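First comes the structure, then the notes that go with it.
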Amino acid sequence: MAGTAAPIDVNGHQEEPVVIFEHVSIGFDRKQVLEDISFKVRRGETRILLGPAGVGKSVLLKLANGLLKPDSGRIFVFGQEVSAMREEDLFALRGSIGTVFQEGALFDSLNVRDNVGFRLEEEHVAEDEITKRVTEALRFVELEQAIYKFPSELSGGMRRRVAIARAIVTNPDLLLYDSPTGGLDPITSTTIIELVVKQRDVYQTSSLLVTHRLQDAFMMATHRFNRETNQMEPLPEDRINANTSFLMLHDRKLVFDGTTHDLVHSSDPFIRGYIA
Amino acid sequence: MPLATLDTSARKYVLAVQQYVLLSARALGNVARKPFYGADVITQADSIGVGSLPIVLLTGFFLGGVLALQSSSTLAQFGAAAFTGQLVSFSMIKEIGPVVTSLMVSGRNASGMASELGSMMVTEQIDAMRALGTDPLKKLVMPRIVATIVMNFFLTILSDAVGILGGGLVSVMMLGQDGTQYFNTSYQSLQYPDIIQGLVKPVVFGFIIATIGCFYGMSTRGGTQGVGRSTTQAVVVSSVLIIASDFIISRFLIGILGR
Ligand SMILES: Nc1ncnc2c1ncn2[C@@H]1O[C@H](COP(=O)(O)OP(=O)(O)O)[C@@H](O)[C@H]1O
Ligand SMILES: [Mg+2]
């Protein structure tokens, strides 16, 4: 694979990034949305994609699991070129990608159990096994009591948590979160971020998270999940999570790709304005 | 720039037709391919078939009745009122039954499919399904097409039957005709070509209803407003296509079957 310099791991093997975008561009009806986007997500890494509303963050996530096809450029996930795959072949690959959609996108004709267990149901897993694994996933998002409720009976925050449970129930190797805190109040947002941090620190799942809320992004970089207390806690003074780094979109282009430290010390006027 | 707009709308139209053909072909190809969503076919058949039964029976019955009323007065001018039964059964089986049943089913179900799939589309439920590794063409579209074709077929037969019955009741009770004569003429004059025409049509119309309903549903854009637009368009387009294809099928089958 030309142009994809992979890092060398301790055993001297080249470890391939989980997600690679290479010069990706896409537009709709003559309106260019993303232009020449290149970045990588390495195994175990959490990348936070920042950008104002309408810049194309959701579009970028949909490109990553092949829901949209780029006009030009190439996209690799787990070494497979999703931008060149047929829809039929993508269904299998998406089995190891968990996606949390912007508004949750729960199936409103199905209850919480059937929503979370949808993929298991499709794979013809036995019914009591489904109930068991759904209960586990719901316990992770602390929503076991809602298992037989319908999406219409849930609050916005609960729906988002069910969506996270649905994405993680099959233990995916890559998680895509589209604005998981969008439209939620600050307290509910914090509980959602806590879940994302928990997933990151307990399972080390590679993930790409989209948000326009800077406070959420910084909370993820400066907090860790404590398994003893089962709570999120701030990292010691001046420490930041080394596996969490940033991407920023502005006006069709990727204007930033780097660590938390680089982001806060950037001299770019747009970035300074954004994080001020 | 009127020429430019004409060009864009023509291109849009061609693109839409192409997408419609693609969707229909892929959904049909899925009938034979695994997994087969049997349970979803049954659910759809129940909602489409059982749900449409009352309106189809009611319209069939009254249309049969009105056909008897109208035709007997015309036939009486030629002293041929005794052929009322034949005229009613001919019209019901070859034209009115299939067309009106399908228009009813379309009004109820093409709109239902467009709005259901359309709201799933605008709330990203369709994308979520794809992201979960399930093909919406298999899970949502294929069951609707199969269920609509099968149900439209049987609903049409029922509509034909109650229409002939309704015509009979009107002939006997309101026009004072002989019941035995009515049912004898309506039955004896029927030939295979008539039956074949009457049974081919609901299959084609059922296909049109489901594919148009699903196509407009799956191509919904632009929020709640878009869902409303898709719903209306699905009913309008499927109704026009039903009537236009009725003409073509009739012409074609009369051509090969000779009547
Ligand atoms: N399916 C689509 N068809 C046409 N335009 C789209 C589509 N999806 C997104 N867009 C456009 O792309 C731009 C970026 O959208 P989006 O990715 O949703 O922004 P955000 O960064 O807020 O998530 C918007 O201008 C939107 O109108
Ligand atoms: Mg978005």
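The values are calculated or read from the model by the stated rules, or taken from the named source; none is laboratory data. Just so you know, these numbers come straight off a predicted model, no measurement behind them. Don't worry about glycine lacking a Cβ; one is built from the backbone with ideal geometry, like all the others, and counts go over all protein chains shown. Keep in mind that these areas ignore ligands, DNA and RNA; they rest on the heavy atoms of the full protein, side chains included. Shrake-Rupley method; radii C 1.70, N 1.55, O 1.52, S 1.80 Å.
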Next item on the list: Taking the residues in segment A:71-105 that are over 23 Å from A:Arg200 (Cα atoms) and either in contact with a Pro (Cβ under 9 Å, 6 or more places away or on another chain) or at the interface with chain B (Cβ under 9 Å from one of its Cβ atoms) (or both) as candidates, determine which candidate is least open to solvent (accessible area, probe 1.4 Å).
Entry: A:Leu90
Notebook entry, point to check: Only one of (1) touching a residue at least 40 places away in the same chain (Cβ under 8 Å); (2) assigned to a helix (DSSP H, G or I) fails for B:Arg229. Which number is that?
Noted result: (1)
Margin query: Being open to solvent by 40 Å² or more (accessible area, probe 1.4 Å), in contact with a strand residue (DSSP E or B) (Cβ under 7 Å, 6 or more places away or on another chain) and acidic (Asp, Glu) is the requirement here; does A:Glu233 meet it?
Written below: yes
Notebook entry, point to check: From A:Thr222, A:Thr229, which residue is more than 16 Å from ligand 1 (Cβ to nearest atom) and closer than 16 Å to A:Glu142 by Cα?
Noted result: A:Thr229
Margin query: Just checking: which of the strands (runs of 3 or more DSSP E) contained wholly in segment A:9-94 hold 1 or more residues that are within 16 Å of ligand 2 (Cβ to nearest atom)?
Written below: A:19-28, A:31-41, A:46-50
Item checked: Every residue from segment A:194-222 that is charged (D, E, K, R) and in contact (Cβ under 8 Å) with a residue 40 or more places away in the chain -> A:Lys198, A:Arg200
Next item on the list: State all residues of segment A:112-155 that are surrounded by 14 or more Cβ atoms within 10 Å (Cβ to Cβ) and among the small types (Gly, Ala, Ser); if no residue qualifies, say none.
Entry: A:Gly117, A:Ala137, A:Ala146
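Let's see how each residue does on (1) hydrophobic (A, V, I, L, M, F, W, C); (2) within 14 Å of chain A (Cβ to nearest Cβ):
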site: B:Ala110; (1), (2): yes, no
site: B:Met120; (1), (2): yes, yes
site: B:Ile145; (1), (2): yes, no
site: B:Val150; (1), (2): yes, no
site: B:Thr156; (1), (2): no, no
Next item on the list: Considering (1) more than 14 Å from chain B (Cβ to nearest Cβ); (2) crowded, with 19+ Cβ neighbours inside 10 Å, say which one A:Leu175 fails and leave the rest.
Entry: (1)
Check: Among all residue pairs at least 6 apart or on different chains, which show Cβ distances below 7 Å where the first residue, located in segment A:120-139, is under 20 Å from A:Leu195 (Cα atoms) and the second is open to solvent by 60 Å² or more (accessible area, probe 1.4 Å)?
Finding: A:Thr135/A:Glu144; A:Leu138/A:Glu144
Note to self: Condition first: in contact (Cβ under 8 Å) with a residue 24 or more places away in the chain and either within 12 Å of chain B (Cβ to nearest Cβ) or over 14 Å from A:Glu142 (Cβ atoms) (or both). Now tell me which residues in segment A:152-170 satisfy that.
What the structure shows: A:Ser152, A:Gly156, A:Arg159, A:Val162, A:Ala163, A:Arg166, A:Ala167, A:Val169, A:Thr170
Checklist line | Candidate set: segment A:178-226, residues that are among the hydrophobic types (A, V, I, L, M, F, W, C) and open to solvent by 10 Å² or more (accessible area, probe 1.4 Å); chosen: the one nearest to ligand 2 (Cβ to nearest atom) | finding: A:Leu184
Notebook entry, point to check: Within the set of pairs 6+ apart or on separate chains, which have a first residue in segment B:183-195 that is farther than 16 Å from B:Ala82 by Cβ, a second that is not in a helix (DSSP H, G or I), and C-beta atoms under 9 Å apart?
Noted result: B:Gln191/B:Arg259; B:Pro193/B:Gly258; B:Pro193/B:Arg259; B:Asp194/B:Arg259
Margin query: Exactly one of these conditions fails for B:Thr134: (1) away from every other protein chain (no Cβ under 14 Å); (2) outside any helix (DSSP H, G or I); (3) of a type in the set (S, T, N, Q). Give me its number.
Written below: (1)
Checklist line | Which numbered condition B:Glu116 misses (of (1) at pLDDT 95 or above; (2) open to solvent by less than 30 Å² (accessible area, probe 1.4 Å); (3) within 12 Å of chain A (Cβ to nearest Cβ)) | finding: (2)
Notebook entry, point to check: Pairs under 6 Å by beta carbon, first residue more than 14 Å from A:Gly27 (Cα to Cα) and touching a residue at least 60 places away in the same chain (Cβ under 8 Å) in segment A:57-69, partner in a helix (DSSP H, G or I) and more than 8 Å from ligand 2 (Cβ to nearest atom), six or more apart or different chains?
Noted result: A:Asn65/A:Arg94; A:Asn65/B:Ala131
Next item on the list: From (1) near ligand 1 (Cβ under 9 Å from one of its atoms); (2) surrounded by fewer than 18 Cβ atoms within 10 Å (Cβ to Cβ); (3) of a type outside the set (Ser, Thr, Tyr); (4) within 14 Å of chain B (Cβ to nearest Cβ), pick out the condition that doesn't hold for A:Leu61.
Entry: (2)
Notebook entry, point to check: Taking segment A:96-105 as the region of interest, how many residues are at pLDDT below 90 and more than 16 Å from ligand 1 (Cβ to nearest atom)?
Noted result: 0
